[in-house]
Each structure stands twice: as structure tokens, then as C-alpha cells.
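Some notes on the structure that comes next.
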Amino acid sequence: MKTLSGIRPDEVSLIHSCLQQDRKAQRNLYEKYKNGMFTVAFRMLNDRDDAHDVLQEAFIQVFRDLAKFQQRSTLGAWIKTIVVRCALKKIKKQKPILPLEAKHDRPIVWSDELTGEYLDKAIRALPDGYRSVFVMIEVEGYSHKEVAHMLGIKEGTSKSQLYHAKRQLQKLLADLR
């Protein structure tokens, strides 16, 4: 059962306990979301150590800002936004995303034999900028406008990065077979 805000009563209780500095509740919140959030960070960063750093930084922010959570989305979506922003901050420190020439976004045909394992390897092999945009749009469901805003790039650059990411994925997947 969900409340009007979309938050389940057990999560409301968990949030309340965390706000009361209940260490067990804080640990439960962390345990509930750590694996999914690590996956998001790892997909964006392609480095386990960096993903762990981002996860730690994100949960510090979650606990610091939990009182500001307005329940406009699910708790998991709110935490994921924090993780994505922390990962983006780390990416920007390492290497800026440079604009590429815009190309027409022609549909790219994926093989029906494509497995998750091959796709995961190929995504991890993408350059940082391509991987970040690809994961944010194709995996996490952000729009080009949202990605452009979060990365501090133009919407056209986001579209171009996604186009090139998909093209490179096609080549990488063909090579992995």
C-alpha cells in the first residue's frame, strides 16, 4: 500500500526513524538501496573503487538531506538522483565531456541474440562521456534535456554522445561475439 505521495508506510516509518538518528534504521535504509545504487554508479563510472566512493558520498548526502525529502517521488528515485549527481561530479573532475559533431539519429538495429552479459561488457568499454549519456538516457530513463542540464552540456551534445555511444556499442558487440 502506498500513501498519497507514493511512499509506502514502511518507508515513511524508516525515514522517520532515520531522522531520529536511529542507527539501525539508517543501516536498514543503506542495506535496502546499496546494491541498486552501486549498480547505477558502476555503470556510469566503470570503476568499482570510484563507484564505492560515489556510493559513500551519496549516502552521506542522503542522511544529511533526508529531512529535505519532499516525497514527490519514491525514496529510491530520490536516492538514485543523488547517486547520479555524485557520479557526474566525479566524471566531471576526471574528464570533461566534449561536444561532438551532431549526426542524424538514425535507428540502430540490435541483434535478437544480444545477451545482458555482452551488453554490460560493451557498455563498460565505452569512453566515459558516451557511457554516461548512454546509461543516463537508455538505462536510467532521463531525457536529453535533463542529461544536458546535469552534465552542463547542450542538448545537441547529449544527442550526439548517445548516437556515437550506440554506434560504438554496435561495433563493440560485434567484436565481443
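Highest mean first, the peptides 34-42, 19-27 sorted by other C-beta atoms within 10 Å per residue fall in the order 34-42, 19-27.
Per residue, the average separation of C-alpha pairs within less than 8 Å and at least 6 apart gives region 116-176 a relative contact order of 44 percent. With a simple spin-label model that places each label point 7 Å from the Cα along the Cα-to-Cβ direction, the separation between residue 170 and residue 52 comes to 3.9 nm.
If you take the alpha carbon atoms of region 116-176 and fit the smallest convex hull around them, that volume is 63 Å³ per residue.
What net charge do the residues around residue 48 carry, taking every other residue with its C-beta under 14 Å from that of residue 48, with Lys and Arg at +1 and Asp and Glu at -1? Spelling it out: positives minus negatives among the neighbours equals -1. Using a Förster distance of 25 Å, how high is the FRET efficiency between residue 12 and residue 77, based on the Cβ-Cβ distance and rounded to 0.05? Calculated transfer efficiency: 0.95. Considering all alpha-carbon pairs of region 9-94, what whole percent are spaced by more than 22 angstrom? Looking at region 9-94, the distances longer than 22 Å represent 23 percent of pairs.
Here, each number is a calculation from the coordinates, and none is a lab measurement. Just so we're clear, the structure is a prediction, and the values are computed from it rather than from any experiment. Virtual Cβ from ideal backbone geometry, glycine too; neighbours counted across all protein chains shown.
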